[in-house]
1. Consider B:K172 carefully, then state whether it is more than 14 Å from chain A (Cβ to nearest Cβ), among the charged types (D, E, K, R) and under 18 Å from B:N118 (Cβ atoms).
2. Looking only at residues in region A:157-213 that are farther than 26 Å from A:S132 by Cα and of a type in the set (S, T, N, Q), which one is modelled with the lowest pLDDT?
3. Looking at B:A71, B:A66, B:A77 in this structure, which one is farther than 21 Å from A:A279 by Cβ, of a type outside the set (V, I, T) and assigned by TED's automatic domain parsing to the domain that holds B:Q238?
4. Considering only residues that are in a helix (DSSP H, G or I) and hydrophobic (A, V, I, L, M, F, W, C), which ones fall in region A:109-122?
5. Of everything in region B:76-96, what is in a helix (DSSP H, G or I) and touching a Leu at 6+ places or on another chain (Cβ under 9 Å)? Give them in sequence order.
6. From B:I74, B:I62, B:I90, which residue is within 14 Å of the chain's Cα centre (by Cα), modelled with pLDDT of 95 or more, closer than 24 Å to B:A220 by Cβ and β-branched (V, I, T)?
7. B:H52 fails exactly one of the following numbered conditions: (1) over 13 Å from the mean Cα position of the chain (by Cα); (2) more than 9 Å from chain A (Cβ to nearest Cβ); (3) not in a strand (DSSP E or B). What is the number of that condition?
8. Applying the selection to region B:256-266, what residues are of a type outside the set (S, T, Y) and more than 8 Å from every other protein chain (Cβ to nearest Cβ)?
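The values are calculated or read from the model by the stated rules, or taken from the named source; none is laboratory data. Bear in mind the structure is a predicted one, so any value in this text is a computation, not a measurement. All Cβ positions, glycine included, derive from the backbone under ideal geometry; neighbour counts span all protein chains shown.
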Number of protein chains: 2
Amino acid sequence: MITILPTLGTKASDLDTPCLVVDLELAEKNIRTLQSFGNKKDIKVRPHVKTHKSNYWAKKQIQQGAVGVCAAKISEAESMVYGGIENILIANEVVGTNKIRRLVSLAKQAKISVAVDNHINAKELSNAAKASEAEIQILVDVNTRLNRCGVEPSEAPDLALFVTQLPNIHFKGLMGYEGHIPPKNDGSEPEELTKALDKLEMAYKAVLNCGLKIDIVSAAGTSTYKHTGTRTFVNEIQCGTYIFMDGAYMEESPEFKPALRVISQVMSCRNNTRIISDAGLKSISVDSGMPLPIEKNVHLEKLSEEHATMSVKNNAMFELGSRISLLPMHGDTTINIHDYYFGIRNGTLESIIPISARGKFT
Amino acid sequence: MITILPTLGTKASDLDTPCLVVDLELAEKNIRTLQSFGNKKDIKVRPHVKTHKSNYWAKKQIQQGAVGVCAAKISEAESMVYGGIENILIANEVVGTNKIRRLVSLAKQAKISVAVDNHINAKELSNAAKASEAEIQILVDVNTRLNRCGVEPSEAPDLALFVTQLPNIHFKGLMGYEGHIPPKNDGSEPEELTKALDKLEMAYKAVLNCGLKIDIVSAAGTSTYKHTGTRTFVNEIQCGTYIFMDGAYMEESPEFKPALRVISQVMSCRNNTRIISDAGLKSISVDSGMPLPIEKNVHLEKLSEEHATMSVKNNAMFELGSRISLLPMHGDTTINIHDYYFGIRNGTLESIIPISARGKFT
């Protein structure tokens, strides 16, 4: 199907709308900021690609020092491996014959680790890996707070021991996820985070007590890395959001700058009190809240599928074609709708970056 | 980028998850149901492709008697024209040099109508069409209730007359949109709908009074077509949702059956009180509300990006890999995330239907 792409060098203000733009300088700075933290604390950075869904950005992160990446699904991992990334933790359970077959195929091409929270699943992974002479690294997923996937800390040793007894899969450590806990205003550690990390540490100690070696303990998100990353038993952080910084989190972690926008333009204006721009629910997600207009003097009233209805403040004047940039509250799900980033530097289009893992759900 | 597609004939229960399936029989029946209404009332059916985004479904609708289709954006219209559809109303304003250039190019290849609510825009359309020796049909967009795009009824004659005076663009009639007004339980016409249709009729009469000929008055959505379609001045209805029927509207219009599902499977289960399936915000939209699990004995607690967390009722038993189908509340934005429909008949995969206008925002 036809896709008409702009010429590199086009001014950002001439891009057709709605389009997803990324400020390349800010995103690159965000990558360096997190990596500096990792380098200083001697903790490995393994960014989550479920935010950017692009081997372009994965490579940028690895060039700055990341040890590899996290992916959420086997299809995301496939898009990374075939895009040149060689070290991937699928920070999620991989369940079902077909997905396990794909995991094994991938493990023959790259270093693949996967989260496990179930004995049957571990056995299936082992059987499939053995049949194909593949080797898969295993992290036991620990339920630290979300009550989603993951075993309780007291169950971790049994599952870890079970894994060590199976061929072609290799117990490597533990994974927790506590990345969505909002930081406290005064910079101190939130109580909820302490509890979550204590649960992960309980699992860590229990597994060590069985005499097993733990190479990796992977945890943290953009909101929690500063605390989680200083716990000595954690040695990898898997932040995702920090690269472009969501609108919903930007005040919590001001060391990262929001680098993502959906640019829209005014397609209808009525008496200059109400203007309609051409970005709606089909080009920007609202699951974490309504996007914020960057331009002053407009207030977003509602989003419908293809339209943003805005009221005009302070008698400001807008014409057909005026640009209104919207800051998404949730980058991950907004990026998931688009096929490309338009990479902007100094006001012009420097690169068109394929969102190669877009739509990779399975 | 790699996309692994299943073989036709695969059982629906073996499809990898999450995936978007459509019950072909139900969707085909929905198409026939609306067309029967149109045939009986002698009103033209011009379905909106912003729901299905696919020339496959557009052709099915035209085969059943639709006169053409509506599209929301120039890019959607492009995907239809290059997919073989020859008569398209872009039921929206097309603004800006680049989009108008594309509109003109398309108008040289198919019969294209477009909504207009602004004199400057009409002049630009005319200039561009004239320069390329293209002909564009114009419907004046009337603001019937949404306070989005569209002129007030009293303003319609002036804009219509302005259009008739310009070369290469042709005033053809009026367009209103009142399709989101919920029907009343007793089947009678909601007061809000009467008001909206009265506004459209005011515009209709005012334009007729100027001596202009009106070929087309296009309006209605899935919720309102039964009332709107019986107004004698309306001669085209542009329903979209009816083809697959959203969860959010299904009780309002029981003549159409919900035909769309996202199939997920259980990837983690804890003591059989909490199960996690592999569909989340990245494969199903929530802008019209949380999806409904079709399977009994589960209650959807929360959706995160890649996970649905559900509680189990009545001591039901679920295993890893058990299937949970989710009915989306909003088809349009859920379809907008996926690249294919998996078309199911008699429990097996009959066709893989590309969502050819997915991601066509501009």
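1. Values: more than 14 Å from chain A (Cβ to nearest Cβ): yes; among the charged types (D, E, K, R): yes; under 18 Å from B:N118 (Cβ atoms): yes.
The answer is yes for B:K172.
2. Only one residue tops the list, namely A:N185.
3. Values: B:A71 fails: farther than 21 Å from A:A279 by Cβ; B:A77 fails: farther than 21 Å from A:A279 by Cβ.
Just one listed residue meets the conditions, B:A66.
4. At the first step, the residues of region A:109-122 found to be in a helix (DSSP H, G or I) are A:119-122.
Of everything in region A:109-122, those that are in a helix (DSSP H, G or I) and hydrophobic (A, V, I, L, M, F, W, C) turn out to be A:I120, A:A122.
5. Kept after step one, since they are in a helix (DSSP H, G or I), are these residues of region B:76-96: B:76-81.
Passing the criteria: B:A77, B:E78, B:V81.
6. Working: B:I74 fails: within 14 Å of the chain's Cα centre (by Cα); B:I62 fails: within 14 Å of the chain's Cα centre (by Cα).
One residue alone meets the criteria, B:I90.
7. It is condition (1) that B:H52 fails.
8. In the first step, residues of region B:256-266 are kept if they are of a type outside the set (S, T, Y); the result is B:256-263, B:265-266.
Correct list: B:F256, B:K257, B:P258, B:A259, B:L260, B:R261, B:V262, B:I263.
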